[in-house]
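I have placed the structure first, in the form of structure tokens, so that the comments after it can refer back to it.
The values are calculated or read from the model by the stated rules, or taken from the named source; none is laboratory data. What you see is a predicted model; the values in this text were computed from it and never measured. Every residue, glycine among them, receives a Cβ derived from its backbone with ideal geometry; neighbour counts consider all protein chains shown. The protein model used for the area step is the full one, side chains on, heavy atoms only, and it has no ligands, DNA or RNA in it. Shrake-Rupley method; radii C 1.70, N 1.55, O 1.52, S 1.80 Å.
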Amino acid sequence: MLLDVRIGHGRVLETGRALPRAGGAEQLVRAHGGALIPGLADHHLHLFATAADLASTSCDPATVRDKEGLARALHRASPDRHGWIRGVRYHESVAGELTAARLDALRGEVPVRVQHRSGALWMLNSRAVAAVRLATADHPGVERDATGRPTGRLWRADAWLRNRLPPGDPPSLAGLGRQLARYGITTVTDATPSLDAATVAAITKAMACGELPQRVHLLGEPLSSHTPAPEQPGPKSGPWKIVLADSALPGCDELAETIGTAHQAGRPVAVHCVTREALLLLLVVLEEVGTLPGDRLEHASLTPPEVLPTLRRLGLRVVTQPGFLADRGDDYRHDTPADEHGDLYRCASLRAAEVPLGLSSDAPYGPLDPWAVIRAAVQRRTGSGTVLGPGERLTPAQALEGYLSPAQRPGDPPRTIRPGAPADLVLLHAPLAQVLACPDAEMVRLVLIGGNPALSTVT
């Protein structure tokens, strides 16, 4: 359909055929046949972790293939102003399980910390172990050997570790904001749990000064926080993030109390579930305590088919990341029984069961590029070309819809360009059918957020 769209004051004012120019000051942008779509929403990522990832040393198996390659990468890395080296996206396939002693052999003269690509584990060399005083730490995530000495491996302790690192400002979000705009992303949901006031303030400041032009929803904003009204600037509260850690699942009573506290505060919950056990535990508890509109599952990495009717009956939404299939699907193929491959990052069966489905990146742990995630949802191909769960493939249009649903209601029908809607818009270089035939970020031509250009290749 060929239509003109007039915007002003941050919103869509009119749509129609051959709208007259309102005056000489009104700027005209010709689409030249390119599709105009609502801005994309990434329903689950981690802002500061992604910004830090962009400035860190990659230990990704795709580029660092063995112990010698890891040593070269760590030696090429320049320490930060405090003398530390930060590695990211490590996997055991590169050089096995890293301990302090093994990291010392790779680079031991400066403090080194390396994050596992799951985001759940930090691995520190001996200088880093001493610097953060692991020997006297009482955090439950500190792994120790048979003699009680720390191994250098630290599980699910991001906030604790951050407080023991040299003080410094959080990483700038400006580069990430530009990258998101290049992809056509106008809204993000930060899924980092238990955000402190300083982190919320840093995000608010980045939005206010334009470093982060995207609209932001926070899953980890404290339950006691007061979110700004929709028309006011600043991040908005999303559901309350709960992490069901694979290594230490809570009891039913504990989880019921946590969910009940969030619900009593008027906040739905967004529950991290990556194993069958975590998912089944959650469903048992929700059957007991009840649900709130907006309750959702994050990841739903392994979802047995028999629970789909329960998800639908409980009114749960799912935010998942099929990009992991392209990024690390061959590891899943080897580590997951063949008869469970269809349970990995389900998409088509969730839609068929009428479970609202939103797509996301989980950056920096998954690929940030939404067009790569859309390709992965359509193809479900691993790096070696194997298709995991072919029955779970989406059509390109369905995959795009996973990024077009509202941030506060992932999986709802896609937003439309209509009078009164925010002018969060993406102009593509080609008609939509052509773009969906080969989804690629290079097809993004112009991005507007609240009517303001966040990216423009218009000439």
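Semi-axes of the equivalent ellipsoid of region 115-207 are 32, 14, 12 Å, computed as sqrt(5λ) over the eigenvalues of the C-alpha gyration tensor in descending order. Rounded to whole Å, give me the distance from the Cα center of region 310-360 to that of region 49-119. So the two Cα centres are separated by 30 Å.
With the full set of protein chains in place, find how many percent of the accessible area of region 178-327 is carbon and sulfur; take the probe as 1.4 Å.
55 percent
The Cα atoms of region 180-244 give a gyration tensor whose axes a ≥ b ≥ c have a/c of 1.5 or more with a/b greater than b/c, which makes the shape prolate.
Rg ratio for region 327-405: its Cα radius of gyration over 2.2 N^0.38 Å, N being its residue count, equals 1.05.
The convex hull built on the alpha-carbon positions of region 339-459 has an orientation-averaged projected area of 9.2 nm².
Across region 272-316, Cα-Cα distances exceeding 11 Å account for 66% of all pairs.
Nonpolar atom fraction for region 20-136, defined as the carbon and sulfur part of the 1.4 Å probe accessible area, stands at 51 percent.
Here the alpha carbons of region 17-83 define both size measures, Rg and Dmax, at 23.3, 65 Å. Normalised by the number of residues in region 1-104, the average gap of Cα pairs under 8 Å and 6 or more apart makes the relative contact order 19 percent. The calculated FRET efficiency for ASP339 paired with ALA245, based on their beta-carbon distance and R0 = 35 Å, is about 0.85. Backbone geometry of region 97-105 corresponds, through the Karplus equation with coefficients 6.51, -1.76 and 1.60 at θ = phi - 60°, to 3J(HN,Hα) couplings of 6, 7, 10, 4, 5, 5, 5, 4, 5 Hz, x marking Gly and Pro.
Amide H to amide H, with H built 1.01 Å from N, HIS272 comes under 5 Å of ILE242, VAL243, LEU244, GLU298, counting only residues 5 or more places away or on other chains. Once the convex hull of all Cα atoms in the chain is built, its volume per residue stands at 157 Å³. According to the calculation over all Cα-Cα pairs in region 1-159, the P(r) per 5 Å bin from zero is 2, 7, 15, 16, 12, 8, 5, 4, 5, 6, 7, 7, 4, 2, 1, 0 %. Model label sites at SER93 and ASP145, defined 7 Å from Cα along the beta-carbon direction, differ in position by 2.9 nm. In straight Cα distance, which lysines are under 16 Å from LYS205, not counting same-chain residues fewer than 8 positions off? Within the straight-line limit of under 16 Å, LYS205 reaches these lysines: LYS236. Reported to the nearest whole Å, the Cα centre-to-centre distance from region 243-292 to region 120-143 is 29.
For region 249-337, the Cα gyration tensor yields ellipsoid semi-axes of 25, 13, 12 Å (square root of five times each eigenvalue, largest first, whole Å).
Computed from label points 7 Å out along Cα-Cβ, the spacing between ARG81 and ARG6 is 5.0 nm. With all protein chains kept in place, the per residue accessible area of the chain amounts to 45 square angstrom at a probe of 1.4 angstrom.
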